[in-house]
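One structure is given below, encoded as structure tokens.
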Amino acid sequence: MSDKSSIEWTDATWNPVTGCTKVSPGCDNCYAETFAERWRGVPGHHFENGFDVQLRPDKLDQPLRWKKPRRIFVNSMSDLFHDDIPDSYIAEVFAVMARAEQHTFQLLTKRHGRMRSLLAEDGLKLLEAATSEDVAAPLYDVWPLPNVWLGVSVENQQWADIRIPALLETPAAVRWLSCEPLLGPISLSKFLHWRPIGENFREVPMPPDFAEACGLPALHWVVVGGESGLRSRAALMDWPRSLRDQCIAASLPFFFKQWGGRTPKANGRELDGRTWDEYPDSLPERET
């Protein structure tokens, strides 16, 4: 865990779990795996077991020690909804986030199905998984947690079409997308016009402002970035530009993280001559 992060859209990282396994093309050149595997077999090192999934209960309470509010990326070195992480442990992580209400927690997953299953129906399955009243108590009062942003990683249209519907059917104060590494063009049009029906969202005809009028906007934030590293796959310029234009048309905050390349900063962060650093809690006036 670090109380400072080089990731442009967050302030800090918190890793109550480390390790993961690949599930889609966006994982092929995983930076976290590359880093962790460098230390496999080194006695006493934090990553002695490489990128194997490991619970880190000694890290659970660390956000509670930070008094100054900050945005915290949860599990930059893992995926909280990985199959090898017990439901009860996920409940403990959510209990910490509920208690650390001064912070904003930015959570990303590629395990969209498990996220939806655990957190739907007012987090009932998550509450059932809690092993003590200390864990369950902070999850009773308000759901979804107002300081937790739930997001899915979508690298191309195929995975956007699979993961975004699950995100839209999961209760969340803020729903967001990380289109990084961006490996192809993505159209969000169908997801910007989903209508809430019961507890879920469905794609049905509706006025563009319907969800907002109901107080239930479907998506709140889009982060886009190209891949970095020795085997990075280049993003065509039209791909992030299209996503930016879609966000502008929908009044959706847009954050352009990087073009990528051999290193994250190799080709800069400017898109059409400027940086794009918008957040769902603060939408600055756009330049024209």
Radius of gyration, Dmax [the range 1-101; alpha carbons; angstrom]: 13.8, 38
Can you tell me the dipole magnitude for the chain around its Cα centre, using point charges on the Cβ only (Lys, Arg +1; Asp, Glu -1), in Debye to the nearest 20? 740
Find me the longest stretch of the chain that has none of the exposed GluC sites (Glu not before Pro), where exposed means in a DSSP loop (not H, G, I, E or B) with at most 12 other Cβ atoms within 10 Å. 1-198
With N residues in the chain, what two-decimal value do you get for its Cα radius of gyration over 2.2 N^0.38 Å? 0.98
Scaled by the rule-of-thumb 2.2 N^0.38 Å, the alpha carbon Rg for the range 110-185 gives a ratio of 1.24
Note on the range 219-268: alpha-carbon gyration tensor, axes a ≥ b ≥ c; rule is a/c under 1.5 for rounded, else prolate if a/b larger than b/c, else oblate; result prolate
Could you tell me which of Ser88, Leu119, Val154 has its Cα farthest along the dipole of the chain towards the positive end, charges placed at Cβ (Lys, Arg +1; Asp, Glu -1), taken about the Cα centre? Val154
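All of the numbers you see were taken from the coordinates with simple rules; none came from a lab. Remember, predicted model here, so these are calculated numbers, not experimental data. As a convention, Cβ positions derive from the backbone with ideal geometry for all residues, glycine included, and neighbour counts pool all protein chains shown.
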